[in-house]
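Here the structure is laid out as structure tokens; the discussion comes afterwards.
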Amino acid sequence: MGLKLHYHNHYHSPRGGALGALLLLLLPIFLPSLFSPLGHASPSMLSGLNVMMKSNFQEWNVPKSRHQRLLKSALQRQTSEGELSDLWTPLANQSLKPCAESSIAPSLPDKSEGFIQVFLDGGLNQQRMGICDAVAVAKILNATLVIPYLEVNPVWRDSSSFMDIFDVDHFINVLKDDISIVKELPSDFSWSTREYYATAIRATRVKTAPVHASANWYLENVLPVVQSYGIAAIAPFSHRLTFDNLPMDIQRLRCKVNFQALVFVPHIRALGDALISRLRNPSGKSGAVGTNYLQEMPDVKNKQGAGKFVVLHLRFDKDMAAHSACDFGGGKAEKLALAKYRQVIWQGRVLNSQFTDEELRSQGRCPLTPEEIGLLLAALGFDNSTRLYLASHKVYGGEARISTLRRLFPLMEDKKSLASSEERAQIKGKASLLAAVDYYVSMHSDIFISASPGNMHNALVGHRTYENLKTIRPSMSLLGQLFLNKSISWSDFQQSVVEGHQNRHGQIRLRKPKQSIYTYPAPDCMCQA
């Protein structure tokens, strides 16, 4: 996330406005990195900002349960074998099946027009979509693609490269009949680096690509640059290719990249396989030392769901909590901390902050807390024998915030509890690799559920739709309204949840105009079964 500097403050303080204007004038002097041609805040600056905020803010009081009556009933819940059987039953085959391959035989042009470079922002899943789009643009232009450059994420400060995350040889091999790909530029073009483009305006850099640009835009604006100089570097590039009105062979190529060519490096897959094995066979305890493996509960072995597990993507970090402008039960200290964080990062441009907590919740605009996602899972029928894998980075509020979810699902695990420190050494502190492990485990789970929409949610919903895997999509507006009703009984809550999620278990939804092909792969990536 780049730090954006637009000083539109809805608090309208005259003195605050003057200070804001002065700060805006001084920023280019004291923080020149913010105004570089590639437009990124430096990691060191953001690191200092984080340290400043951490030292000044007492983040929260220990959050109390906000739904004590529901929680008490959920802890005493009983789930029948029939209910569990329905929950764990895989999705039936649907009317569409994967077909990423184009009906037109892939072919390379006789001569490449030149090289295409892209510089990709964001986290793992945003970069993944950018890689797919980069392949499509190279195909449109009959150009050779240089393995995409992944920018250092200023929030997570992860410098992992494409080759650190994805199996580059597999990537090139799968696409060898579609486009030419090189791992690095030949020596004649070795000058074309991120540093080169960060220091001045360059004729070979294309920085005007509009969001969701058409194929014709690239032919008219980028192809001439490639033909003149032999290379074009496109930055920024994220979301710079339309989802609509593209030839079917280009759409199918994007599908092929996303679902076939992008495979994680071997050590990520190996660690993922180990975690999956330990979730499915908790008594095996194979492999590493010093690991807190799953404990077998006495009555679990013969229950429905034995050997199966759910992945919960709990997107509840500080950015999400602050940007939502919702109240999460941490008292005045937490409200103040989030308000200050929101003001520093977004300068009053968070529209949600103009609404009350009740208004936001009734509209489904508040991320589900760990307690709320736990109550949703319990209402759907998952019981305390359910193996739950927690796919998350940092949870705002830490263990205190997660404790209620852990009470509901005592067999909840994550990377740290399932793998030894030796096994985690290669991914420690690297947000993209940590996310890659979670993505891999999520794709091999029996059921996936995400607490809030976002890039990880969107990518996995799309990928699991493509593979016809069960994926529960929470109805945010329904749950927001149910959680506002403090007098609702457990039976009414459970009935509303079950009825409201009957068609939200992974059923195929056809993509509408402007929607992402990576979240809605049908019909572009799928054919009649």
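Identify the single condition in (1) open to solvent by 10 Å² or more (accessible area, probe 1.4 Å); (2) touching a strand residue (DSSP E or B) at 6+ places or on another chain (Cβ under 9 Å); (3) farther than 20 Å from Q78 by Cβ that L312 does not satisfy, given that it satisfies every other one.
That leaves (1) as the condition not met.
Looking at the structure I just gave you, is A233 out of contact with any Gly (no Cβ under 6 Å at 6 or more places or on another chain), open to solvent by less than 40 Å² (accessible area, probe 1.4 Å) and modelled with pLDDT under 95?
On the way: out of contact with any Gly (no Cβ under 6 Å at 6 or more places or on another chain): yes; open to solvent by less than 40 Å² (accessible area, probe 1.4 Å): yes; modelled with pLDDT under 95: no.
In short, no.
Would you be able to say whether some residue in segment 430-439 is open to solvent by less than 20 Å² (accessible area, probe 1.4 Å), out of contact with any Phe, Trp or Tyr (no Cβ under 8 Å at 6 or more places or on another chain) and not in a helix (DSSP H, G or I)?
Scanning segment 430-439 turns up no residue that is open to solvent by less than 20 Å² (accessible area, probe 1.4 Å), out of contact with any Phe, Trp or Tyr (no Cβ under 8 Å at 6 or more places or on another chain) and not in a helix (DSSP H, G or I).
Looking at segment 335-349, which of its residues are among the polar types (S, T, N, Q) and in contact with a Leu (Cβ under 8 Å, 6 or more places away or on another chain)?
Q347
Going by the conditions given, is G329 surrounded by fewer than 20 Cβ atoms within 10 Å (Cβ to Cβ) and either at pLDDT 90 or above or part of a helix (DSSP H, G or I) (or both)?
Taking the combined requirement at face value, the residue does not satisfy it.
For segment 234-259, what are the residues that are touching a strand residue (DSSP E or B) at 6+ places or on another chain (Cβ under 8 Å) and among the hydroxyl-bearing types (S, T, Y)?
The answer is S238, and nothing else.
Can you say whether L360 is in contact with a helix residue (DSSP H, G or I) (Cβ under 8 Å, 6 or more places away or on another chain) and at pLDDT 95 or above, as far as the supplied structure shows?
No, not satisfied.
Residues in segment 163-174: is at least one within 17 Å of S238 (Cα to Cα) and in contact (Cβ under 8 Å) with a residue 24 or more places away in the chain?
There is no residue in segment 163-174 that is within 17 Å of S238 (Cα to Cα) and in contact (Cβ under 8 Å) with a residue 24 or more places away in the chain.
For segment 343-358, does any single residue satisfy the condition of being touching a residue at least 60 places away in the same chain (Cβ under 8 Å) and part of a strand (DSSP E or B)?
No, segment 343-358 has no match at all.
Check whether at least one residue in segment 444-462 is in a loop (DSSP other than H, G, I, E, B), more than 23 Å from G307 (Cα to Cα), in contact with a Leu (Cβ under 8 Å, 6 or more places away or on another chain) and polar (S, T, N, Q), and report yes or no.
Within segment 444-462 (the criterion being in a loop (DSSP other than H, G, I, E, B), more than 23 Å from G307 (Cα to Cα), in contact with a Leu (Cβ under 8 Å, 6 or more places away or on another chain) and polar (S, T, N, Q)), the answer is yes, since at least one residue qualifies.
What about A74, is it surrounded by fewer than 16 Cβ atoms within 10 Å (Cβ to Cβ), among the small types (G, A, S) and either modelled with pLDDT under 85 or within 32 Å of the chain's Cα centre (by Cα) (or both)?
So A74 fails the test.
Tell me the residue from R157, R194 that is among the basic types (K, R) and either under 18 Å from the mean Cα position of the chain (by Cα) or closer than 25 Å to K428 by Cβ (or both), please.
Residue meeting the stated conditions: R157.
Could you say whether any residue in segment 150-161 is open to solvent by 40 Å² or more (accessible area, probe 1.4 Å) and closer than 19 Å to T204 by Cβ?
no
Name every residue in segment 401-428 that is over 18 Å from R387 (Cβ atoms) and open to solvent by less than 10 Å² (accessible area, probe 1.4 Å), in order of residue number.
S420, I427, listed by residue number.
When the residues of segment 333-349 are narrowed to those that are under 23 Å from L405 (Cα atoms) and of a type outside the set (A, V, I, L, M, F, W, C), which ends up most open to solvent (accessible area, probe 1.4 Å)?
K335
Across segment 483-521, what is the total count of residues that are open to solvent by 50 Å² or more (accessible area, probe 1.4 Å) and not polar (S, T, N, Q)?
Adding up the residues that qualify gives 11.
Return the pair list, or none, for Cβ contacts closer than 8 Å from residues in segment 65-79 that are closer than 17 Å to Q495 by Cα and among the hydrophobic types (A, V, I, L, M, F, W, C) to residues that are part of a loop (DSSP other than H, G, I, E, B) and open to solvent by less than 70 Å² (accessible area, probe 1.4 Å), at least 6 apart or on different chains.
L70/I488; L71/S65
Does I268 meet the test of being closer than 24 Å to N153 by Cα, β-branched (V, I, T) and touching a Leu at 6+ places or on another chain (Cβ under 8 Å)?
The answer is yes for I268.
Considering (1) modelled with pLDDT of 90 or more; (2) surrounded by fewer than 24 Cβ atoms within 10 Å (Cβ to Cβ), say which one N352 fails and leave the rest.
The single condition N352 does not satisfy is (1).
Within segment 203-226, which residues are surrounded by 13 or more Cβ atoms within 10 Å (Cβ to Cβ), farther than 15 Å from R240 by Cβ and free of Cβ contacts under 8 Å to residues at least 60 places away in the same chain?
The one that is surrounded by 13 or more Cβ atoms within 10 Å (Cβ to Cβ), farther than 15 Å from R240 by Cβ and free of Cβ contacts under 8 Å to residues at least 60 places away in the same chain: T204.
Which of (1) surrounded by 14 or more Cβ atoms within 10 Å (Cβ to Cβ); (2) part of a loop (DSSP other than H, G, I, E, B); (3) modelled with pLDDT of 95 or more; (4) not hydrophobic (A, V, I, L, M, F, W, C) does S238 not meet, given it meets every other one?
Among (1) surrounded by 14 or more Cβ atoms within 10 Å (Cβ to Cβ); (2) part of a loop (DSSP other than H, G, I, E, B); (3) modelled with pLDDT of 95 or more; (4) not hydrophobic (A, V, I, L, M, F, W, C), S238 violates only (3).
For R157, indicate whether it is basic (K, R) and either modelled with pLDDT under 95 or not in a loop (DSSP other than H, G, I, E, B) (or both).
When the stated conditions are applied, R157 passes them.
Inside segment 162-219, can you point out the residues that are of a type in the set (K, R) and part of a loop (DSSP other than H, G, I, E, B)? Break it down stepwise before answering.
First, pick out the residues of segment 162-219 that are of a type in the set (K, R): 176, 183, 194, 202, 205, 207.
The answer is K176, K183, R202, K207.
Would you point out the residue of segment 363-396, among those that are under 18 Å from the mean Cα position of the chain (by Cα), part of a strand (DSSP E or B) and among the aliphatic types (A, V, I, L, M), that is surrounded by the fewest Cβ atoms within 10 Å (Cβ to Cβ)? Steps first, please.
First, pick out the residues of segment 363-396 that are under 18 Å from the mean Cα position of the chain (by Cα): 365-370, 373, 389-396.
Adding the requirement that they be part of a strand (DSSP E or B) leaves 389-391.
From what's left, among the aliphatic types (A, V, I, L, M): 390-391.
Working: L390: 22, A391: 24.
Looking at residues that are under 18 Å from the mean Cα position of the chain (by Cα), part of a strand (DSSP E or B) and among the aliphatic types (A, V, I, L, M), I get L390.
Of the numbered conditions (1) touching a Ser or Thr at 6+ places or on another chain (Cβ under 7 Å); (2) at pLDDT below 95, P453 satisfies every one except a single condition; which is it?
The number of the failed condition is (1).
How many residues are open to solvent by less than 10 Å² (accessible area, probe 1.4 Å) and over 26 Å from the mean Cα position of the chain (by Cα) when one looks only at segment 117-143?
Residues meeting the conditions: 2.
The values are calculated or read from the model by the stated rules, or taken from the named source; none is laboratory data. What you are looking at is a predicted structure, and each value in this text was computed from that prediction instead of being measured. As a convention, Cβ positions derive from the backbone with ideal geometry for all residues, glycine included, and neighbour counts pool all protein chains shown. These accessible areas exclude ligands, DNA and RNA; they are computed on the full protein's heavy atoms, side chains included. Shrake-Rupley method; radii C 1.70, N 1.55, O 1.52, S 1.80 Å.
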